[in-house]
Structures are given as C-alpha cells and as structure tokens.
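Working notes, beginning with the structure itself.
Bear in mind that the values in this text are calculations on the coordinates, not laboratory data. Here the structure is a predicted model, which is why all the values come from computation and not from measurement. Cβ: placed from backbone, ideal geometry, glycine included. Neighbour counts: every protein chain shown.
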Amino acid sequence: MTHTSAADLARAEDLIDRALATSRRSFYAHYVKGTVLRAQSRWEEAILHFETSASLNRNSVGPLQGLGWCKLYTGSLDEVIPIAEQAIRIGPRDPAVGFRYLMIGTVHMLQSRTDEAIIWFEKGRSVTPDVPNIRGRLAAAYALKGETERAIAELAEARRLAGEVFASV
C-alpha cells in the first residue's frame, strides 16, 4: 500500500493487466479488472469486464453486483434491477445480499418510487444492519415520505456506524 489510493489503483491495474495477459478466460481476473476500473470511476470500461466475468462464471454474484452498480452510475436504471435480482437468485444467502437490496432500493428512489425504495432498504438493513450506506439511504427515503422521526433515527445510526468504520481503519 502506498500513501495514495490513486497509486494503489494504478499498481492494481498494472498487476491485473499482467494477470489478464496470461489468463484471458479467467472469470476472476475480469472481475478484479472490473472492480479496479469501477474504483477509478471508469464505469463503461468496467461494464465490459463484469459482463465477461459473469459470462465465464454464471454462478458468481460478484460480477453481477459490480455490473449493477456500473449500470446505475451510467444511468442505465432499467437494467439494474434485473441484474440485482439475478444476483439475489444465485446467492440468496450470500452475506452481501444486502448490497443488492440497496441497489434495487436506490433505483426505486431515483425513480420516485419511495414506498418501494423503503421496502428494499429495510430488507437490506435487516440482513446487513451494520452498513451505514443502507441506513443513510433509508433515512433519506423516510424523510422524502415525511416520516421525520424514523429518518432521524436511521440517520443517527448511519452516522454512528460510519464513525465505527472510520475508527477501525
């Protein structure tokens, strides 16, 4: 690890490019490349690697989750929910399933379907109660619906959890 995330990502990209040069059909190498590109906000390029990874291993939820977030960030909202639902079907008991619920809830919230968003954010909170992002989005959805007390409680919990995350780094 260096002192900057940009240097770390550049090194990671160099290493994964070397791995891909020797293993073009490795689903995991494409998944890692997609992850590095996503971390660099290079969504369109990342999509290609997540799609390749998903096609090479149809039972892996990681590439689908990465693909879903990239589709969200590029504005392809209509494609996000089917991708997240596919990942949920493949790994319904995956410890990170709450992030797929977060993804679906986010799409609903962006499309002004606040009640649907709340349902998905609450599902996410129930399976991964220690994730500040889920709590924060749930707080925003409650606030949009006018449920101020619930919004305040969720926001306070999101802040507490975020503080714990940063304190442990």
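Structural remarks
- Residue match in region 79-101 (condition: over 18 Å from VAL61 (Cα atoms) and touching a Leu at 6+ places or on another chain (Cβ under 9 Å)): no
- Pick from region 53-100, criterion basic (Lys, Arg) and buried (at least 20 other Cβ atoms within 10 Å of the Cβ), ranking: nearest to VAL32 (Cα to Cα): LYS71
Let's see how each residue does on (1) surrounded by fewer than 19 Cβ atoms within 10 Å (Cβ to Cβ); (2) hydrophobic (A, V, I, L, M, F, W, C):
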| site | (1), (2) |
| --- | --- |
| SER23 | yes, no |
| VAL32 | no, yes |
| VAL107 | no, yes |
| ILE119 | yes, yes |
